[in-house]
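Since every read-out is calculated from the coordinates, none of them should be taken as a lab result. The structure displayed is predicted, hence computed values, not measured ones. In this analysis, Cβ positions are derived from the backbone assuming ideal geometry, glycine residues included, and neighbour counts consider all displayed protein chains.
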Amino acid sequence: MDLAARLAQERRARLAAERLLELKQQELHAANRKLNRHARDLSNQVIEHRAEAATFRTAHDQAKSDLTKARARGDTAERRLWESIRNIEDGFALFDPDGRLILANDAYLALFDGVGAVSPGIAYEHLIEILSREGIVNTDGADPAAWRQMMLTRWRAGAHDPIVLRLWNDTYVKLVDHRTRDGDMVSLCLQITEAVRTQQEIRDARDRAEMANRAKSAFLANMSHEIRTPMNGILGMAELLAETEITDEQRLYISTIRNSAEALLVIINDVLDYSKIEADKLQLFPETFDLERCIHEVVMLLQPAAREKNLTLLVDYDLFLPTRFTGDPGRVRQILTNLLGNAVKFTDHGHVVVRVTGHVPDGSTEYRIHIAIEDTGIGIPESKLDHIFGEFNQVDDQRSRRYEGTGLGLAITRRLVQMMRGNIWVDSVEGEGSCFGLHIDLPAAEDASLPTLSLDQISEVLVVDDLEANRLILEKQLEQIGLAVRMATSGPEAMGMISDQVDLVITDHNMPEMDGPELAEALRAAGHQIPMVLLSSNPGFATKDPARPLFTKVMQKPQTRNDLFTALNTVSDQLSFRNRPVAQAPAPGKLRILAADDNRTNRLVLAKMLADQPVELHFAEDGEQAVRLFSTLRPDMVLMDISMPRVDGKTATTRIRGLEDQMGTKVPIIALTAHTDAQDVAEFKALGMDGHLSKPLRKPVLLETISKYRPQPLNPCEIRPKGSRVRRPSDPLPTSRAESDSRPGQNP
Ligand code: ADP
């Protein structure tokens, strides 16, 4: 190879090397740049981290100082709390859930009177033991072991109720414990000696005051009693004086003396009652009584005063409530007299209604009887309602001057109601009226049952009364016994409502426009033969009315349930009497006897005993049938068993007597009973029975009784026991017959 070629070759090689070098330098450069960038990034990062670390450091320092401060504050709070707890006068202790003492203040520890062993960790049980063993607590004679047991049982049960402990030195503490949510028990031991002492002093003072009050009341009771004796002298002498010959002027003076003395007596009675109650001397004397009758008696007593003011008195006695209860009738009457008396006194127009309902509360054997007395009087202002049951509280002077009274009536009434384990309250709207309500608990006594109703002839009744309250009471009662009721507010309205559907008219007596008797006359004049019953607050007066015979019955208003039932039965019997054909008269010479007995054997015995006698015997198997047969057979005599199903002999007798009132006859009725005492006999007589026969029947006595009571004039027949003397028609009438108040019977 020539030089030139070699030189060229070398040059090429050098150029290539130079290029490579340049390339490598470029790469190096690039690498350097990258390295530089990286180093910069890295240093940036380092700077950031350094800054963060600095922030952390300050935060940490801050937290550290905060913690120190908080700890210091916590310490202060704890110290303060503890200082406070230590310094309170009452004891404070904290126990863990196992009943071990965690901490206690000095007052709590003082209870243990320096017994060294009492320190944190001690068990509650142990504390209780120290209290009793060291005699710290005065267990009032109770066995210390029993006392400890009681305290531990209480603690374990959660110690919900505070307990008072009397200590050896006659001081008192009250333990109040509370379990926290964590199960710890906080126990407070409160010093209550002062409070207990004050309470005792108050109690002593009250006892002394009550004793003084009772002494005062006893004195008052004695005094009012003492005053009554001379008062009786004054009244009695005034009465005697009035009967001597005196001038009209003197008569006026005497009547003033009497009225004043009587008014004074009423006041004295109030004071006497009140002081008796105050002195705890008033007692209840329970006996069996008839509540409905008691209410009606009070109503009757107030009827004259009510009539004078034109007030209507009404009674709404629940149809399904018994009437006989065991209670103190005198005091029940006094309650009713006070409330009804007030209602009449403070009412000038309208009416007064007594409503009586009752029920046996669950779990009780006694009736809770509710009595409401509503009036349409002057009412009581709302602001006074709370006071009127207090002593000497009359609503205001002006009124009390108009209406006299002691202001003791309601106070006495409330005490009496409370003695009967009841309550009394009042609702009133001034100017509209008042309603006094009360309830008392009374055991029901054996009930004198209401007469059984026999309503087969009555289904619809027309009630005529201008007073809505009474229409509503009658409507309710009649509907309750299953009758349809129409109501008219006046006579003319009733005339327009009458139709064949109506079986009975019950009308009020006094009504504007047309009164009850006028309505009766108008109905008869218009050709209506419907039976009518008159309701009158003055039946004595009504009886004198020429229209009286048009009424089947005159009922005293307010009517008792018994009155109402009896009137309905009478009307029903009268209707069936009218509608039934009458049987032929008995064969001449025979006595027609109707015998009611539900027992077949008894009927057979009777039939056998009378078989050989001139008697036409008919049987009824119960009271209902007896009444029905009575109206068709028109017997000469009735033998009436008393206890029969459905309608008993007493009710049947009443109904027969009711029928006879219409017919103007009276047939002898002889009671048949298993046993009779004097009370029964009196009751039979009151019911209108003439005599009685005891079962088992003996033929001679039966024949003797029949011949004793058989109607006169004698039929030409003889009823005679075998071997007895034959009575001739000319014989004198049996004397007992002449003595009995029954009129001679008539055969239809
Ligand atoms: P008083 O002997 O005055 O009637 P009460 O204790 O019976 O005493 O009644 C207290 C007062 O309550 C009465 O004076 C009267 O103002 C008021 N009061 C009681 N009942 C009624 C009533 N039915 N209507 C209006 N006020 C009544």
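Annotations for the structure displayed:
- R0 of 41 Å, Cβ-Cβ distance residue 196-residue 59: FRET efficiency to nearest 0.05: 0.10
- When the charge dipole of the chain is built from unit charges on Cβ atoms (+1 for Lys and Arg, -1 for Asp and Glu) and taken about the Cα centre, the candidate among 429, 20, 255 whose Cα reaches farthest toward its positive end is 20.
- In the range 63-147 the Cα-Cα distances spread across 10 Å bins starting at 0 as 15, 35, 28, 13, 6, 3, 0 percent of all pairs.
- Here the range 85-145 and the range 528-589 have alpha carbon centers that stand 89 Å from each other.
- Equivalent-ellipsoid semi-axes of the range 122-207, from the Cα gyration tensor, Å, largest first: 25, 17, 11
- For the chain, calculated [θ]222 nm from helices alone, where every DSSP H run of n ≥ 4 adds -39500 (n - 2.57): -16500 deg cm²/dmol
- Take every Cα pair under 8 Å whose residues are at least 6 apart in sequence, average their separation, divide by the length of the range 132-222, and the relative contact order is 17 percent.
- For the range 176-270, trypsin sites (Lys or Arg not before Pro) are listed when DSSP marks them as loop and at most 10 other Cβ atoms sit within 10 Å of their Cβ; the list is 181.
- Considered as an equivalent ellipsoid built on the Cα gyration tensor, the range 535-599 has semi-axes of 33, 17, 11 Å, the largest given first.
- Computed P(r) (all Cα pairs; the range 506-577; 10 Å bins; percent): 21, 53, 25, 1
- Modelled this way, with points 7 Å down the Cα-to-C-beta line, the labels at residue 166 and residue 70 are 5.4 nm from one another.
- In this Cβ point-charge picture (+1 for Lys and Arg, -1 for Asp and Glu), the chain has a dipole of about 2440 debye about its Cα centre.
- The alpha carbon convex hull volume per residue for the range 465-553 rounds to 93 Å³.
- Separation of the range 327-355 from the range 497-527 is 32 Å, based on Cα centroids.
- Estimated from the Cβ-Cβ distance and a Förster radius of 35 angstrom, the FRET efficiency linking residue 528 and residue 472 is about 0.85.
- Diagonalising the gyration tensor over the Cα atoms of the range 173-245 and scaling each eigenvalue by 5 before taking the square root yields semi-axes of 66, 14, 5 Å, largest first.
- If the chain linking residue 288 and residue 694 were pulled fully straight, counting 0.36 nm for each residue of separation and taking away their Cα-Cα distance, it would gain 143.4 nm.
- Net charge dipole, the range 605-675: roughly 160 debye, given to the nearest 20, about the Cα centre with Cβ charges of +1 for Lys and Arg and -1 for Asp and Glu.
- Calculated SAXS-style log₁₀ I(q)/I(0) at q = 0.06, 0.10, 0.11 Å⁻¹ - the chain, Debye, Cα scatterers: -0.68, -1.14, -1.26
- Within-14-Å neighbourhood charge of residue 484 [Cβ basis; K, R +1; D, E -1]: -3
- The range 376-390 and the range 63-83 have Cα centres lying 66 Å from one another.
- In the range 233-300, the alpha-carbon atoms span a convex hull of 146 Å³ per residue.
- Computed over the range 61-110, the range of Cα coordinates on each principal axis works out to 46, 27, 9 Å, biggest value leading.
- Globularity ratio of the range 418-522, using Cα Rg and 2.2 N^0.38 Å: 1.46
- Unsatisfied cross-links (Cα-Cα over 27 Å) in the set 553/666; 281/345; 553/650: 281/345
- Distance in nm between pseudo-label sites at residue 582 and residue 14 (7 Å out along the Cβ direction from Cα): 18.4 nm
- The antiparallel fraction among DSSP beta bridges confined to the chain stands at about 55%.
- Largest first, the extents of the alpha carbon coordinates of the range 502-633 on the three principal axes equal 63, 30, 27 Å.
- Comparing the range 556-647 with the 2.2 N^0.38 Å rule of thumb, its C-alpha radius of gyration ratio is 1.26 (two decimals).
- Gyration tensor verdict on the range 261-336 (Cα atoms; rounded if a/c is under 1.5, prolate if a/b is larger than b/c, oblate otherwise): oblate
- Top positive-direction residue, dipole computed over the range 94-240 with Cβ charges, set 227, 142, 217: 227
- Kirkwood's formula applied to the C-alpha pairs of the range 1-108 gives a hydrodynamic radius of 22.7 angstrom.
- Were the residues from residue 679 through residue 427 laid out at 0.36 nm apart, the gain over their Cα-Cα distance would be 86.3 nm.
- Footprinting exposure proxy for 545, 386 (fewest neighbouring C-beta atoms within 10 Å first): 386, 545
- Test item: Cα-centred dipole of the range 409-463, Lys/Arg +1 and Asp/Glu -1 on Cβ, debye: 460 debye
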